[in-house]
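S.K.: My questions will all concern the structure given below.
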Protein chains: 2
Amino acid sequence: MKLGQATIKDIAKELNVSTSTVSRALKDYPGISDETKRKVKELADRLNYRPNAVALSLRKSKSFTIGVIIPEVVHFFFSTVISGVEEVAHANGYNVILVQTNEKLSREKSSIETMLSNQIDGVLVSYSRETTDFSHFKKLMDLDFPIVFFDRKPDLENTVNVTVNDYQGAYDATRHLVSQGYVKIAHLAGPSNLAISKRRKEGYLKALEDAGLSGRPDWIVECPSGSESESYQIAMELFKDKTDRPDAIFAHHDIVAAGAMIAIKKLGLKIPEDVGVVGYSNWQFSSMIDPPLSTVSQPGFSIGENATHLLLDMIAGKEPGYQRPQDVMLDTELVIRKSSLRVP
Amino acid sequence: MKLGQATIKDIAKELNVSTSTVSRALKDYPGISDETKRKVKELADRLNYRPNAVALSLRKSKSFTIGVIIPEVVHFFFSTVISGVEEVAHANGYNVILVQTNEKLSREKSSIETMLSNQIDGVLVSYSRETTDFSHFKKLMDLDFPIVFFDRKPDLENTVNVTVNDYQGAYDATRHLVSQGYVKIAHLAGPSNLAISKRRKEGYLKALEDAGLSGRPDWIVECPSGSESESYQIAMELFKDKTDRPDAIFAHHDIVAAGAMIAIKKLGLKIPEDVGVVGYSNWQFSSMIDPPLSTVSQPGFSIGENATHLLLDMIAGKEPGYQRPQDVMLDTELVIRKSSLRVP
């Protein structure tokens, strides 16, 4: 047996398990023990088994299907991105399949395998919160498989990305709070392993600095899950000291802001008179809560459109002379509503 | 050439087009003229070309992937269903791919083709608002392809369905409004071609009847798009006559209710003192709006779990003696919040 030509059968025979077990172990599916997975993967590595390469080389014609890997479909921002993706894909004769990872690395890895075995022509990816090692994407790129990252830019070389200028969005939101006379502005931040969280925090800090205000480390609180109940608890804690508490909140996203608003109102404080609040992402509900929430609107639809155009270019353009497309960075828009408007 | 053995090549040759054009025309992909699609399909029919049958019979092993076809991922109800589906699927070693139809029949049809050509083992379907002819599903069923319908039950024999008792949910919501002293209860209804809309309207009418109240046809208004702005307009119209207007609204879903609430408040009426409002589906935002919205909660997660269990049974159970699983109907739960609570 030559290296690189090992089959699933070879691996199954050597380990005395079924080919189905080998296939599922390689795809990191649940229902197979970690021990078996380890054994199968070690042997596959040793024999230089490359399922992707084989699958890819076997593909004779286009499937006219692209895949989208996203953390959560329920997140309003991602659902607007999907609409943009579908708009461009359908107009160009492509269908779209979605896989959600629920922010889990293990599901992201098995999604990649599912997508590949389903013979899609290319994939759009916003990776999970858990992902810090990007080797599963690197493998795809090494096989020249078309892949475009959106919203979340991975720590890999030569990727094609469509992102949002989150630094500027956070800067604008914070500067707006300053313009309304708020001086003790806290930040409910996103998970620290996401670059978008980092950029939003940096934009917030720069706006404070430009206004001559000093940021307080204990007023920057990470909200790892991003749930309403979590930020409710965090805001309760943040506002409990009556003599030393913030007068405004810039939140990582609108659900986080909404949870904090419930806490602030519960404490008898008025929004926007006592406390100003600005969120991020302009969720559907944000104009309907009390008071309506100011927020930073991301161009989700446009992100989807841009990312899909780039991906289709990559799928179409594999001839000599083809150049990798350039990254795209899109601007946000500050939507001012009552929750932060106390200067008439 | 024997009937039933025609290939895409045969069709392409006869019509003097490329095989890729034939393939895309058969899949109803955009980017191919209607004229070409018609010609290709007519010839395919004449030659008894059966892509699904061929694809299915060619399949040698399971893909351990199931597909979900849904109208819209952004709809909170569907996203909770997806969570339930993924819970059961992943626990059983299956991956899940999603396709959204945006409530369009054409996308639903091409989704079915995409799913089949991607060699999934079975499919969960909630069909689009536009779908009144179910022959594309009938074809799958004739091929013994595992399929379970959820939420929306098609007008087909021998389907396996997981639905919600919408009649009872609507009855409970309306009876609750009656118990709060509302006597002029209007209904903002869903699209009339969906069975769920019909059942909700029937539950509403029965509750009125049981309370000795007579329904008024002009107070039952269909909201075809289900958007907030649409129901805002409808409610403005419904409440414009000060001497003859409803004192309560039972809405087909929460977005519709939220749009009506904005109109009611705009007219200077108080919720719940002057007008009571109950929605449907218990969207994420419903507890956060002003006042918090009473609603009928559907067991989305449980629908997803049940539907997936049935589907996996069907996938696993194709031996002799296998019996089709029974339909499942799940109960709703009335969630009472401030928008309909005027009796202390």
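S.K.: State all residues of the range A:214-234 that are within 14 Å of chain B (Cβ to nearest Cβ), on the phi < 0 side of the Ramachandran plot and buried (at least 16 other Cβ atoms within 10 Å of the Cβ); if no residue qualifies, say none.
M.R.: The answer is A:Glu228, A:Ser231, A:Tyr232.
S.K.: I would also like to ask the following. For the range A:132-146, state whether one or more residues are over 26 Å from A:Ile249 (Cβ atoms), among the β-branched types (Val, Ile, Thr) and within 13 Å of the chain's Cα centre (by Cα). So that I can check it myself, show each step before the final result.
M.R.: First, pick out the residues of the range A:132-146 that are over 26 Å from A:Ile249 (Cβ atoms): A:132-146.
Checking which are among the β-branched types (Val, Ile, Thr) leaves us with A:132.
Narrowing further to those that are within 13 Å of the chain's Cα centre (by Cα): A:132.
Within the range A:132-146, one or more residues are over 26 Å from A:Ile249 (Cβ atoms), among the β-branched types (Val, Ile, Thr) and within 13 Å of the chain's Cα centre (by Cα).
S.K.: Still on this structure: Yes or no: the range B:233-241 includes at least one residue that is closer than 19 Å to B:Pro292 by Cα, modelled with pLDDT of 95 or more and not assigned by TED's automatic domain parsing to the domain that holds B:Pro154.
M.R.: The answer is yes, given that some residue of the range B:233-241 is closer than 19 Å to B:Pro292 by Cα, modelled with pLDDT of 95 or more and not assigned by TED's automatic domain parsing to the domain that holds B:Pro154.
S.K.: Could I ask something else about it? Considering only the range B:11-36, state which residues are more than 10 Å from chain A (Cβ to nearest Cβ), surrounded by fewer than 18 Cβ atoms within 10 Å (Cβ to Cβ) and of a type outside the set (Gly, Ala, Ser).
M.R.: Within the range B:11-36, B:Lys13, B:Glu14, B:Leu15, B:Asn16, B:Val17, B:Asp34, B:Glu35, B:Thr36 meet the criteria.
S.K.: If the requirement is being under 20 Å from B:Thr295 (Cβ atoms) and under 16 Å from the mean Cα position of the chain (by Cα), which of these qualifies: B:Ser179, B:Ser192, B:Ser197?
M.R.: After ruling out the rest, the residue left standing is B:Ser197.
S.K.: Separate question: In the list B:Val148, B:Val162, which residue meets the criterion of being crowded, with 24+ Cβ neighbours inside 10 Å, in contact with a Pro (Cβ under 9 Å, 6 or more places away or on another chain) and more than 14 Å from every other protein chain (Cβ to nearest Cβ)? Please lay out each step first, then the result.
M.R.: On the way: B:Val162 fails: in contact with a Pro (Cβ under 9 Å, 6 or more places away or on another chain).
Testing whether each residue is crowded, with 24+ Cβ neighbours inside 10 Å, in contact with a Pro (Cβ under 9 Å, 6 or more places away or on another chain) and more than 14 Å from every other protein chain (Cβ to nearest Cβ) leaves just B:Val148.
S.K.: Could you run through the range A:189-223 and say how many residues are assigned to a loop (DSSP other than H, G, I, E, B) and without any contact (Cβ under 8 Å) to a residue 40 or more places away in the chain?
M.R.: Summing the residues that are assigned to a loop (DSSP other than H, G, I, E, B) and without any contact (Cβ under 8 Å) to a residue 40 or more places away in the chain in the range A:189-223 gives 8.
S.K.: Right, something else. For the range B:172-195, enumerate the residues that are modelled with pLDDT under 95 and surrounded by fewer than 24 Cβ atoms within 10 Å (Cβ to Cβ).
M.R.: Hits for the range B:172-195 are B:Pro191, B:Ser192, B:Asn193, B:Leu194, B:Ala195.
S.K.: Name the single residue, out of those in the range A:62-74 being within 13 Å of the chain's Cα centre (by Cα) and either within 13 Å of A:Phe301 (Cα to Cα) or touching a residue at least 12 places away in the same chain (Cβ under 8 Å) (or both), that is farthest from the other protein chains (Cβ to nearest Cβ). Steps first, answer last, please.
M.R.: First pass over the range A:62-74, keeping only residues within 13 Å of the chain's Cα centre (by Cα): A:68-74.
From what is left, the residues that are either within 13 Å of A:Phe301 (Cα to Cα) or touching a residue at least 12 places away in the same chain (Cβ under 8 Å) (or both) are A:68-73.
Working: A:Val68: 9, A:Ile69: 10, A:Ile70: 9, A:Pro71: 12, A:Glu72: 8, A:Val73: 4 Å.
Going through the qualifying residues, I end up with A:Pro71.
S.K.: What is the residue count in the range A:80-95 for residues that are at the interface with another protein chain (Cβ under 7 Å from one of its Cβ atoms) and either without any contact (Cβ under 8 Å) to a residue 40 or more places away in the chain or touching a Phe, Trp or Tyr at 6+ places or on another chain (Cβ under 8 Å) (or both)?
M.R.: The qualifying residues number 4.
S.K.: So, one more: Kindly evaluate A:Asn306 against the criterion of being of a type outside the set (Phe, Trp, Tyr), surrounded by 15 or more Cβ atoms within 10 Å (Cβ to Cβ) and in a helix (DSSP H, G or I). Full working, then the answer.
M.R.: Details: of a type outside the set (Phe, Trp, Tyr): yes; surrounded by 15 or more Cβ atoms within 10 Å (Cβ to Cβ): yes; in a helix (DSSP H, G or I): yes.
It is true that A:Asn306 is of a type outside the set (Phe, Trp, Tyr), surrounded by 15 or more Cβ atoms within 10 Å (Cβ to Cβ) and in a helix (DSSP H, G or I).
S.K.: Being among the basic types (Lys, Arg) and at pLDDT below 95 is true for just one of A:Arg200, A:Arg216. Which residue is that?
M.R.: A:Arg216 is the lone residue from the list that is among the basic types (Lys, Arg) and at pLDDT below 95.
S.K.: Only one residue in B:Lys265, B:Lys240 is surrounded by fewer than 21 Cβ atoms within 10 Å (Cβ to Cβ) and not in a helix (DSSP H, G or I). Which one?
M.R.: When all the criteria are applied, what remains is B:Lys240.
S.K.: Do you know which residues across the range A:324-344 are modelled with pLDDT of 90 or more and more than 21 Å from A:Glu157 (Cα to Cα)?
M.R.: Hits for the range A:324-344 are A:Asp331, A:Thr332, A:Glu333, A:Leu334, A:Val335, A:Ile336, A:Arg337, A:Lys338, A:Ser339, A:Ser340, A:Leu341, A:Arg342.
S.K.: A further question on this structure: Would you confirm whether or not the range B:244-252 contains a residue that is within 14 Å of chain A (Cβ to nearest Cβ) and either touching a residue at least 12 places away in the same chain (Cβ under 8 Å) or within 24 Å of B:Gly169 (Cβ to Cβ) (or both)?
M.R.: Checking the range B:244-252: at least one residue is within 14 Å of chain A (Cβ to nearest Cβ) and either touching a residue at least 12 places away in the same chain (Cβ under 8 Å) or within 24 Å of B:Gly169 (Cβ to Cβ) (or both).
S.K.: Starting from the range B:125-137, take each residue that is surrounded by fewer than 17 Cβ atoms within 10 Å (Cβ to Cβ) and list its partners that are among the polar types (S, T, N, Q), counting only C-beta distances under 7 angstrom and pairs at least six apart or across chains.
M.R.: Every condition considered, the pairs that remain are B:Thr132/B:Asn193.
S.K.: Looking only at residues in the range B:112-123 that are of a type in the set (Val, Ile, Thr) and more than 10 Å from chain A (Cβ to nearest Cβ), which one is nearest to A:Phe64 (Cα to Cα)?
M.R.: B:Ile112
S.K.: A follow-up question, please. List, please: which pairs have Cβ atoms under 6 Å, are six or more places apart or on different chains, and start with a residue in the range B:256-270 that is within 12 Å of another protein chain (Cβ to nearest Cβ) and closer than 17 Å to B:Ser225 by Cα and end with one that is assigned to a helix (DSSP H, G or I) and of a type outside the set (Lys, Arg)?
M.R.: Close Cβ pairs satisfying both conditions: B:Ala258/B:Glu228; B:Gly259/B:Glu228; B:Gly259/B:Ser231; B:Gly259/B:Tyr232; B:Ala260/B:Ser231; B:Ala260/B:Ala235.
S.K.: Another one. Name the single residue, out of those in the range A:287-296 being outside any loop (DSSP other than H, G, I, E, B) and at pLDDT below 95, that is farthest from the other protein chains (Cβ to nearest Cβ).
M.R.: Only one residue tops the list, namely A:Ser287.
S.K.: Restricting attention to the range A:271-281, which residues are under 23 Å from the mean Cα position of the chain (by Cα) and either of a type in the set (Gly, Ala, Ser) or within 13 Å of chain B (Cβ to nearest Cβ) (or both)?
M.R.: Taking the range A:271-281 as the starting set, the residues that turn out to be under 23 Å from the mean Cα position of the chain (by Cα) are A:278-281.
Selection gives A:Gly279, A:Ser281.
S.K.: Next question. Select from the range B:68-90 the residues that are closer than 19 Å to B:Asn282 by Cβ, assigned to a helix (DSSP H, G or I), of a type in the set (Val, Ile, Thr) and in contact with a helix residue (DSSP H, G or I) (Cβ under 6 Å, 6 or more places away or on another chain) and list them in ascending order.
M.R.: B:Thr80, B:Val81, B:Val85
S.K.: Within the range B:98-111, how many residues are within 16 Å of B:Phe150 (Cβ to Cβ) and within 11 Å of chain A (Cβ to nearest Cβ)?
M.R.: So the answer is 5.
The values are calculated or read from the model by the stated rules, or taken from the named source; none is laboratory data. Here the structure is a predicted model, which is why all the values come from computation and not from measurement. Ideal geometry is used to build each Cβ from the backbone, glycine not excepted, and the neighbour counts take in all protein chains shown.
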